[in-house]
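The values are calculated or read from the model by the stated rules, or taken from the named source; none is laboratory data. Just so you know, these numbers come straight off a predicted model, no measurement behind them. In this analysis, Cβ positions are derived from the backbone assuming ideal geometry, glycine residues included, and neighbour counts consider all displayed protein chains.
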Amino acid sequence: MTESEFQEFLITVGYRYNKKSKSAFNSYEGFHTIIEFNDIEGKYSLSLDAQPVSIDALSEKIKSFAAENKDYIAKAFYSSKYKQIRLTVKMTVDSEIDREHLKTTAKFVMDLCKSDTMTPLCRVCSRNRKTGLYVIGTALTPVCDNCIVRKRRQYEKRRDMFEKKKQNMTAGLFGAVFGAALGSSIYILIYQFLPLYGIWGGIIAPLSFGGFVLTGKRATKLSAVFCEIISVFAFVAAEYMALIASNSIMIEKDGGGIAVSEAIELTNMTLTESSYLNSVIVELIVGTVIMLVIGAAYFLKRSLTRPLKISKNVL
């Protein structure tokens, strides 16, 4: 189901679509039902933040509804921890059938709201207060006035702290190079004892990223790309120097003394052999992939520390 098809569904059940959160909502006397569609899983879910008079009675109603409609209800439960009802509806190949399934599920949730067996809650403090609907980050969230004021203050404070960190790209790149060089040195040392197919290349990327943040103060998407490129080049150089160091040690053990030039010559010669070259290429590929994963995870973590924007009340 495409986003436009999802919006068409909503019209049939009286829901309003919110572009920022890519989800829809319907409100009734303080209750806010939110519908989100997962295009990858091919499912849409309805959620409602509420506190039932009797959890057992509510759970029984939800289980009964799920059992009666098991052909299209994937999940249906009430979380006592998060004070949230959630029903997940399967998709079929027939959009008309999907529309009827959505209507039936939405009507069931609305009937729960009208049953006088629940009270609406704020998702942040889980208290029965008047709530509005706000897009926090990318999530449509029912929040009471007290919590939204507190969250806005937190956002402004974190935003000010974040914006005060001005990026120094030049200093950051020097730090990234230094970090990559330090990681390469550690890699060369470890390689002499544990040559495990390039997995130790993962040491280089975090040190490069750490060096950039330490000197450049603030990471961005562009700096992440630069750090990854620096790490990859450093890793390739470290792999070559690690091979030279290994050959140098081998020559010394054979009584040839310390001969760096001979070790370089031996390394270059062995790299012309296809089997040896292939094993080195495998090490480089494995190490590069690990560095890319670490870099992506590191940048994601940095992104998650950014303050989440809060929209106006969408009601």
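The table for this structure:
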item: Any hit, the stretch 221-234, residues being at negative phi, in contact with a Phe, Trp or Tyr (Cβ under 7 Å, 6 or more places away or on another chain) and either assigned by TED's automatic domain parsing to the domain that holds Tyr17 or at pLDDT 85 or above (or both); result: yes
item: Check on Ala205, touching a residue at least 24 places away in the same chain (Cβ under 8 Å), within 17 Å of Ile290 (Cα to Cα) and surrounded by fewer than 21 Cβ atoms within 10 Å (Cβ to Cβ); result: no
item: Any hit, the stretch 185-199, residues being among the small types (Gly, Ala, Ser) and not assigned by TED's automatic domain parsing to the domain that holds Phe65; result: yes
item: Helices (runs of 4 or more DSSP H) wholly inside the stretch 138-235 that include at least 3 residues being closer than 30 Å to Ala24 by Cβ; result: 145-164
item: Any hit, the stretch 82-94, residues being within 29 Å of Val143 (Cα to Cα) and part of a loop (DSSP other than H, G, I, E, B); result: yes
item: Every residue from the stretch 113-140 that is at pLDDT 90 or above, within 25 Å of Phe37 (Cα to Cα), out of contact with any His (no Cβ under 9 Å at 6 or more places or on another chain) and of a type in the set (S, T, N, Q); result: Ser126
item: Residue in the stretch 208-258 that is surrounded by the fewest Cβ atoms within 10 Å (Cβ to Cβ), counting only those that are among the aromatic types (Phe, Trp, Tyr) and without any contact (Cβ under 8 Å) to a residue 60 or more places away in the chain; result: Phe233
item: Pairs where the first residue, in the stretch 51-64, is on the phi < 0 side of the Ramachandran plot and in the same structural domain as Cys122 (by TED's automatic domain parsing) and the second is among the basic types (Lys, Arg) and surrounded by 13 or more Cβ atoms within 10 Å (Cβ to Cβ), C-beta under 8 Å, 6+ apart; result: Gln51/Lys83
